Amino acid sequence: MQNPTPSATRGRIELSKLSKQFPDHTGVSNLDLNIDSGEFFTILGPSGCGKTTTLMLLAGFAEPDAGSVAIDGRDLAGLTPQARELGIVFQNYALFPHMSVAQNLAFPLEVRGRSRAEIEQRVSAALALVQLKNPDALPEQLSGGQQQRVAIARALIFDPPVLLMDEPLGALDRNLRLHLQGELKRLQRRLGITVVYVTHDQEEAMAMSDRIAILNQGKVEQVGTPAELYERPATLFVADFLGDNNIFSGRIELGNSVRLSNGALIDIGAGRFRPDTAVTLAIRPERVAVSTDIAAAPLRGNIIESIFMGRYYEYRIALDGTAIIMARVINDGRHAAFIAGQAVGLTFCSQDWQAFAVS
């Protein structure tokens, strides 16, 4: 198997105005996505958001009600999954149980009528690519991680322009999943292949992706790099979905300040809203500074729960009024843990607040 050479066009994907309606729900609605050649692109969202539907429309296992799917400028309308020549890896791997590893790898080439010499050469190269040394083993004799490698090698063996992956690591335990995340990303970079990856696992998406599309009820909420989505969410849904956030309601006062529902006044930096605008504020737990300096703090409260998480301490703090805020403090070996009932002050940098107008 020859490693494909990345080019400016191979594996470029365009989904335009794509819609799919099911009897009881909307799969996707007027969805637009452009995925670059050689990009590791993840579709992320909660259950029922349309991420698997999008992948099935791209693969050809479902037909759109409207819109188009194109790869490298070629419209795929009416083409079967086989005719689209895309590599596909599912969560259950779909290996043939009666075939050996080598036979599983050879099968896609055999149905394409490749010569025996080419099949042998490509199978040998594929085994080396994913570091498998047991070509005669049956799938049941392999570990979950080994089966996943066979599935990936089989999907890549005919040099497709795009590799589609639907929750491929979901069945593995956490340590193996983390290990294979790194291996899969290194393999993708080495081959220069375009990957469209579907997952509900936020950490997995953040660790592996060049860009992520966050879907909600069949529509794209935001597309961006992991850092862009985390630091500059475009909508409250993205802010609340990706990672943890503290959410507050308030109203704009004095240009740069928000009066929270508990009466506290918070500086959110540059003015973006008109006075008296109702807003929702979000701030990450790690951006909340906790100290015993109560007098100067804009928010004050009492520790109600202290949890040691190894890398950090997590605190749940009851504020004046009825609100609860979560804070995370890095365990640097010098932090003296706060205890339940202790009074603390909370401070923030104004730029760490995300504000969204209430519609």
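What follows draws every value from the coordinates through simple rules; no lab data is involved. It should be emphasised that the depicted structure is a prediction, and the values quoted were computed from it without experimental measurement. Every residue, glycine as well, gets a Cβ built from its backbone with ideal geometry; the counts of neighbours run over all protein chains shown.
Kindly provide the chymotrypsin sites (Phe, Trp or Tyr not before Pro) of the range 229-316 that DSSP labels as loop, not H, G, I, E or B, and whose Cβ sees at most 12 other Cβ atoms within 10 Å.
Of the chymotrypsin sites (Phe, Trp or Tyr not before Pro), not one in the loops of the range 229-316 has a Cβ with at most 12 other Cβ atoms within 10 Å.
Find the relative contact order for the chain and round it to a whole percent, using C-alpha pairs within less than 8 Å whose residues are 6+ positions apart.
In percent, rounded to a whole number, it is 16.
Non-local amide H neighbours of Val162 (under 5 Å, H modeled in plane, Pro and chain starts lacking H): which ones?
Placed amide hydrogens put Gly87 under 5 Å from Val162.
Given (1) 23.2; (2) 22.0; (3) 20.6 as candidate values of Kirkwood radius over Cα pairs in Å, which corresponds to the one derived from the coordinates?
It is the value labelled (1).
If the elastic network links every pair of Cα atoms under 10 Å, which of Arg112, Arg334, Arg274 fluctuates the most in the Gaussian network model of the chain?
Arg334
Using the Karplus equation 6.51 cos²θ - 1.76 cosθ + 1.60 (θ = phi - 60°), what ³J(HN,Hα) coupling, rounded to whole Hz, does each residue of the range 15-30 give in order, writing x for Gly and Pro?
With coefficients 6.51, -1.76 and 1.60, one gets 9, 10, 6, 7, 9, 8, 10, 9, x, 10, 6, 8, x, 9, 9, 6 Hz.
Obtain the nm distance between the two label points defined at Ile339 and Val111 by a simple spin-label model: each point lies 7 Å from its Cα along the Cα-to-C-beta direction.
6.6 nm
Can you give me the Cα centroid spacing of the range 76-145 and the range 224-285 in angstrom?
The two parts, judged by their Cα centres, are 49 Å apart.
Using only the Cα atoms of the range 244-357, what are the Rg and Dmax in Å?
14.3, 44
Identify all aspartates and glutamates with a Cα-Cα distance to Lys219 below 12 Å; exclude those on the same chain that are fewer than 8 residues away in sequence.
Asp32
Using label points projected 7 Å from each Cα along Cα→Cβ, tell me how many nm separate Lys133 and Ala77, to one decimal.
About 5.3 nm separates the two model spin labels.
Which percent, nearest 5, of DSSP beta bridges in the chain are antiparallel?
75 percent
What shape does the range 40-99 have by the C-alpha gyration tensor, where a ≥ b ≥ c are the square roots of the eigenvalues, rounded means a/c under 1.5, and otherwise prolate means a/b greater than b/c and oblate the rest?
Oblate shape, in that a/c is at least 1.5 and b/c is the bigger or equal ratio.
May I ask you to evaluate 6.51 cos²θ - 1.76 cosθ + 1.60, the Karplus curve with θ = phi - 60°, for each residue of the range 216-222 and list the ³J(HN,Hα) values in order in whole Hz, giving x for glycine and proline?
The phi angles translate into 8, 6, x, 10, 7, 7, 6 Hz.
Can you list residues whose amide H is under 5 Å from Gly38's amide H, if they're 5+ apart or on another chain and H is modeled 1.01 Å from N?
Residues meeting the criterion, in which the H sits 1.01 Å from N, are Thr194.
What ³J(HN,Hα) values, in whole Hz, does the Karplus curve 6.51 cos²θ - 1.76 cosθ + 1.60 give for the range 172-178 when θ = phi - 60°, with x put for Gly and Pro?
9, 6, 4, 5, 5, 4, 5
Which of the trypsin sites (Lys or Arg not before Pro) across the range 127-174 are loop residues per DSSP, with 15 or fewer other Cβ within 10 Å?
Listed in order of number, the matching sites are Lys133.
Given the Cα atoms of the range 193-319, and with Rh set as the inverse mean 1/r over their pairs in the Kirkwood sense, what is Rg to Rh to two decimals?
Ratio of gyration radius to Kirkwood radius: 1.02.
Give me the distance in nm between label points sitting 7 Å out from Cα along the Cα-to-Cβ direction at His179 and Phe90, one decimal.
Here the modelled spin labels are 2.7 nm apart.
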